[in-house]
Amino acid sequence: MNIKSCAREGPVIKELRVTPIAVTDPPLLNSAGVHAPYALRTIIELITDDSISGISEILGNTEINALLEKSGEVILGADPFQLNRIRADIMDRFGGGETDCRGDNPWDSRKLVHVYSAIEVACLDIQGKICGRPVVDLLGGMCRESVPFSAYLFYKFKGAGGPLGHELDPDATGWDAARQEAAGNPEEIVAQARAMITSW
């Protein structure tokens, strides 16, 4: 049997949209310094020639966004099911000079890792819509109905974030007011936890 005879015709990616957004975030203290007043993210939308869209989001910055825009040179016209081909093409075109090392930050510093991840998830979204199945089914199926969730409190400077920066919103009440207070030592972290429990 000729392998090509088994190939199936399908939609191809005809459009890439890259939309940077900024979400209000308080001035958190973390291992990389003080968090900016906004958290920057980027929304990626891939649209096929038959108008199926796939959406994803990643950490946003000007370098990653520019590389995402340039990745259109590779992915426009590509089959969203051919993820290995898309990854290889992105690495071949833009991978020169990209290190194999994650870097010293707590997150992966390699730009192409973020670029491909964004494209991969958007392609999986398209695949799920074409197949009429949730993306989890494309990844081997669901293992459980629910997942335990936990979070942790952050050390932070006083401030509301966003346009207020290190200032407080005088009209805030409940948790919205408590989350603006400084939490730079164990006692203030405990106060933050108590305020969260009381408010929620």
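The values are calculated or read from the model by the stated rules, or taken from the named source; none is laboratory data. From a predicted model like this one, the values you see are computed outputs, not experimental measurements. Positions of Cβ are generated from backbone atoms using ideal geometry, with glycine treated the same way; all protein chains shown enter the neighbour counts.
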Residue tally, condition under 21 Å from P11 (Cα atoms) and either touching a Cys at 6+ places or on another chain (Cβ under 9 Å) or exposed (fewer than 13 other Cβ atoms within 10 Å of the Cβ) (or both), over region 86-99: 1
Of all residues in region 40-79 being touching a Pro at 6+ places or on another chain (Cβ under 7 Å) and in a loop (DSSP other than H, G, I, E, B), the one that is surrounded by the most Cβ atoms within 10 Å (Cβ to Cβ): G60
Meets criteria (of a type outside the set (A, V, I, L, M) and assigned by TED's automatic domain parsing to the domain that holds N61) for P170: no
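One line per residue, one yes/no per condition, for (1) of a type outside the set (D, E, K, R); (2) within 30 Å of E9 (Cα to Cα):
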position	(1), (2)
A118	yes, yes
D125	no, yes
Y155	yes, no
G162	yes, no
H166	yes, no
A172	yes, no
P186	yes, no
A191	yes, no
Residue list for region 165-188, filter: surrounded by 13 or more Cβ atoms within 10 Å (Cβ to Cβ) and more than 19 Å from H35 (Cα to Cα): A172, W175
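Does any residue of region 20-29 turn out to be farther than 24 Å from I130 by Cα, among the charged types (D, E, K, R) and either assigned to a helix (DSSP H, G or I) or within 20 Å of the chain's Cα centre (by Cα) (or both)? Write out each step before concluding.
First, the residues of region 20-29 that are farther than 24 Å from I130 by Cα: 20-29.
So of that shortlist, the ones also among the charged types (D, E, K, R) come out as 25.
Subsequent filtering for residues that are either assigned to a helix (DSSP H, G or I) or within 20 Å of the chain's Cα centre (by Cα) (or both) retains 25.
Within region 20-29, one or more residues are farther than 24 Å from I130 by Cα, among the charged types (D, E, K, R) and either assigned to a helix (DSSP H, G or I) or within 20 Å of the chain's Cα centre (by Cα) (or both).
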